[in-house]
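None of the figures in this text is laboratory data; all of them are computed from the coordinates on show. Since the structure is predicted, the reported quantities are computational estimates derived from the model, not experimental observations. For neighbour counting, all protein chains shown are included, and Cβ atoms are generated from backbone atoms with ideal geometry for every residue, glycine included.
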């Protein structure tokens, strides 16, 4: 089975578009648009039937797959958020949204978060003028993102379907962005039910 097919199955399993395949997810060829039920022989039959634990588990899995992170990473984010001031769920979302790879995706400089991770791993990105090749790096207030000269010449805004969040400022011509503020829960574009994730880890 191809990697593309696997990604489509992940969206169907979670019952929601995770936008793992970039531009294809917005088109008529999207597998989730045609078959929004879970994959497998009984996927359609058991659609919507789940316990409270099952719903929490699915929310957690959807979050991991959307942001392209592993279990230990999400668990770590929960522990950090639980010790922080304010609502735990909102803090988790803030940590996820300010990850370097997610910010590139939100800016439209990558077709997907996987693509953003590749760009960062190849060392073509700068934060405050210094090269950063860690996709999980969390950006802070007033951090400035830019690209090396080679990437500026070859890159273009690829993800035009996404609206750049108001908590970031992006100069498309210079390929430079600035973090204006840490986003609030209301400013974060996601269908993930973060409350269910908090309930899962606080059991």
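Among the residues of segment 161-195, the one identified as buried (at least 19 other Cβ atoms within 10 Å of the Cβ) and more than 17 Å from residue 105 (Cβ to Cβ) is 194.
Tally the residues that are within 23 Å of residue 66 (Cα to Cα) and in contact with a helix residue (DSSP H, G or I) (Cβ under 8 Å, 6 or more places away or on another chain), restricting the search to segment 171-188. Give the derivation first.
Applying the first criterion (within 23 Å of residue 66 (Cα to Cα)) to segment 171-188 yields 177, 179, 181-188.
Subsequent filtering for residues that are in contact with a helix residue (DSSP H, G or I) (Cβ under 8 Å, 6 or more places away or on another chain) retains 177, 179, 182-185, 188.
Residues in segment 171-188 being within 23 Å of residue 66 (Cα to Cα) and in contact with a helix residue (DSSP H, G or I) (Cβ under 8 Å, 6 or more places away or on another chain): 7 in total.
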